[in-house]
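> Here it is, the structure, as C-alpha cells.
The values are calculated or read from the model by the stated rules, or taken from the named source; none is laboratory data. Computed from a predicted model, the values in this text were never measured in an experiment. Please note: Cβ atoms are built from the backbone with ideal geometry, for glycine as well, and neighbour counts cover all protein chains shown.
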Amino acid sequence: METGIRHTHLLTVILFLLIYLIKTALLLLNKNEALANFTKKVKVPEMIISTLFLATGIYMITQVPEIKSLLIIKIIAVLVSIPLAIIGFKKGNKALAVIALLLLITAYGLAEMSKKQKSKSMETITETVVDGKAIYNASCITCHGEDGKLALMGAKDLTQTQMDLNAKIEIIKTGKNAMTPFAGMLNDEQIHAVAEYVESLKK
C-alpha cells in the first residue's frame, strides 16, 4: 500500500508539472485559444490530481518522518503555485505563470530528493565497514525501524520473520517489492553481517 501511495504522490507532481508546462508554453507563445481549450479539457483531471497529491502527501508526512520536512516544503510549493497559476493564466500574466511553473519544478525536485533520501545514507558505508548494525542503521532503519518492527513501505516485521539466515541474505541481495537490492552496494561479508544483525532482532 505504502509503495503505491509513494508512486501516486510522485506521479501527481509529474502530471501537475506537465499540465502547467503545456499551459505556460501556450501562454508564452500567445496561443490564447489553444490555452483556453486545453484548460477546459484538463479542468476535471487537474482537480483529481490536486486532491490525490494532497491526500498522499499528508499520508506520507504522518508515516515517513524522515522526509517530513521535504514533503511539507513540496506541498507548500504546489499550494502556492496553484493560485499564482490561476491568476497568471486568467489574466494572461506571463510572469506569474512562469513563477508557478518554477514552483512546480521545485516540487518535482523535492519529490525526487525524498525518493532518493534513503540511498544517500549509504554514502557513509564503505567496503571496509562490516558492522551489521551500522549498515542496518544506514540503509534499513527507515522502513524497518530501529527495533525491526516499523513495517513501513511494505517492509516486514523483522522480529516475527520465519526466514532463516540464508533466506535473509538472499533478500538483502536481490530486494523485494520496494526494498532496494543491495548486491551491488554491499559486498558478501557486509550482507552476511546485516543478516546476522537482523537475526538478533528476533524475539
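> Among residues belonging to region 39-58 that are under 15 Å from ALA85 (Cα atoms) and without any contact (Cβ under 8 Å) to a residue 24 or more places away in the chain, point out the one that is surrounded by the most Cβ atoms within 10 Å (Cβ to Cβ).
Of everything passing the filter in region 39-58, VAL42 is surrounded by the most Cβ atoms within 10 Å (Cβ to Cβ).
To keep it simple, each residue is scored yes or no on (1) polar (S, T, N, Q); (2) modelled with pLDDT of 85 or more.
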{"site": "GLY132", "(1), (2)": "no, yes"}
{"site": "ILE135", "(1), (2)": "no, yes"}
{"site": "GLN162", "(1), (2)": "yes, yes"}
{"site": "THR180", "(1), (2)": "yes, no"}
{"site": "ASN187", "(1), (2)": "yes, yes"}
{"site": "GLN190", "(1), (2)": "yes, yes"}
{"site": "LYS203", "(1), (2)": "no, no"}
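> Could you run through region 164-178 and say how many residues are assigned to a loop (DSSP other than H, G, I, E, B) and at pLDDT 80 or above?
Residues in region 164-178 being assigned to a loop (DSSP other than H, G, I, E, B) and at pLDDT 80 or above: 3 in total.
> Looking at region 134-143, which of its residues are under 17 Å from the mean Cα position of the chain (by Cα), in contact (Cβ under 8 Å) with a residue 12 or more places away in the chain and assigned to a helix (DSSP H, G or I)? Write out each step before concluding.
Filtering region 134-143 for residues under 17 Å from the mean Cα position of the chain (by Cα) gives 139-143.
Subsequent filtering for residues that are in contact (Cβ under 8 Å) with a residue 12 or more places away in the chain retains 139-140, 142-143.
Matches in region 134-143: SER139, THR142, CYS143.
> Say we look at region 181-190 and pick out the residues that are surrounded by 12 or more Cβ atoms within 10 Å (Cβ to Cβ) and part of a loop (DSSP other than H, G, I, E, B); which of these is nearest to the chain's Cα centre (by Cα)?
Among them, the one singled out is PRO181.
> Mind checking which pairs have a first residue in region 15-38 that is within 15 Å of ILE82 (Cα to Cα) and a second that is among the hydroxyl-bearing types (Ser, Thr, Tyr) and surrounded by 15 or more Cβ atoms within 10 Å (Cβ to Cβ), Cβ under 6 Å, 6 or more apart or different chains?
Once the first residue is within 15 Å of ILE82 (Cα to Cα) and sits in region 15-38, its partners that are among the hydroxyl-bearing types (Ser, Thr, Tyr) and surrounded by 15 or more Cβ atoms within 10 Å (Cβ to Cβ) give LEU17/TYR108.
Conditions tested, residue by residue: (1) on the phi < 0 side of the Ramachandran plot; (2) modelled with pLDDT of 90 or more; (3) under 12 Å from the mean Cα position of the chain (by Cα).
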{"residue": "THR3", "(1), (2), (3)": "yes, no, yes"}
{"residue": "THR24", "(1), (2), (3)": "yes, yes, no"}
{"residue": "LYS41", "(1), (2), (3)": "yes, yes, no"}
{"residue": "THR51", "(1), (2), (3)": "yes, no, no"}
{"residue": "ILE72", "(1), (2), (3)": "yes, no, no"}
{"residue": "ALA77", "(1), (2), (3)": "yes, no, no"}
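> Between GLU46, GLU33, GLU66, which is touching a helix residue (DSSP H, G or I) at 6+ places or on another chain (Cβ under 8 Å) and at pLDDT 80 or above?
None of the others qualify; the one that does is GLU46.
A quick yes/no check of all residues on (1) surrounded by fewer than 16 Cβ atoms within 10 Å (Cβ to Cβ); (2) of a type outside the set (Asp, Glu); (3) under 22 Å from ILE5 (Cα atoms); (4) not assigned by TED's automatic domain parsing to the domain that holds THR8:
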residue	(1), (2), (3), (4)
SER139	no, yes, yes, yes
ILE169	no, yes, no, yes
LYS176	yes, yes, yes, yes
MET179	no, yes, yes, yes
